[in-house]
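The values are calculated or read from the model by the stated rules, or taken from the named source; none is laboratory data. Here the structure is a predicted model, which means the values were calculated and not measured. Counting neighbours? That spans all protein chains shown, and the Cβs are built from the backbone with ideal geometry, glycine included.
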Amino acid sequence: MADDVRLAPLLHSPVVQREGITKSIHGDPPTQETWRKNRVSRYGVSQLQRAEDGSEYEIVNGVRVTHYK
């Protein structure tokens with residue numbers, strides 16, 4: 001696995017630019033290992049919030065993660 005890879009947006013990507021992302025999250029981006037462990041440890045435990053479109057979401061490491069039914 002590539003657990004030491006930092007998960008930061010590729011700001012020069014046309015797709016990222018099209019979506020209006022102009023900067024990275026504050027602070028150092030998490031590594032793949034940190035993200036995976038945090039995401040997995042929260043599964044089924046965290047309180048989900050309901051979005052306007054009916055989906056549910058949670059915030060993990062400052063990133064909105066959508067749960068679709």
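Tabulated data
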quantity	calculated
Candidate set from the range 44-69 (those that are surrounded by 11 or more Cβ atoms within 10 Å (Cβ to Cβ) and in a loop (DSSP other than H, G, I, E, B)); member that is nearest to the chain's Cα centre (by Cα)	N61
Any hit, the range 12-24, residues being over 12 Å from N61 (Cα atoms), in a helix (DSSP H, G or I), among the small types (G, A, S) and without any contact (Cβ under 8 Å) to a residue 60 or more places away in the chain	no
Answer from R42, R50 - the residue that is within 25 Å of K69 (Cβ to Cβ) and at pLDDT below 85	R42
Pick from the range 13-36, criterion among the hydroxyl-bearing types (S, T, Y) and within 14 Å of the chain's Cα centre (by Cα), ranking: surrounded by the fewest Cβ atoms within 10 Å (Cβ to Cβ)	S24
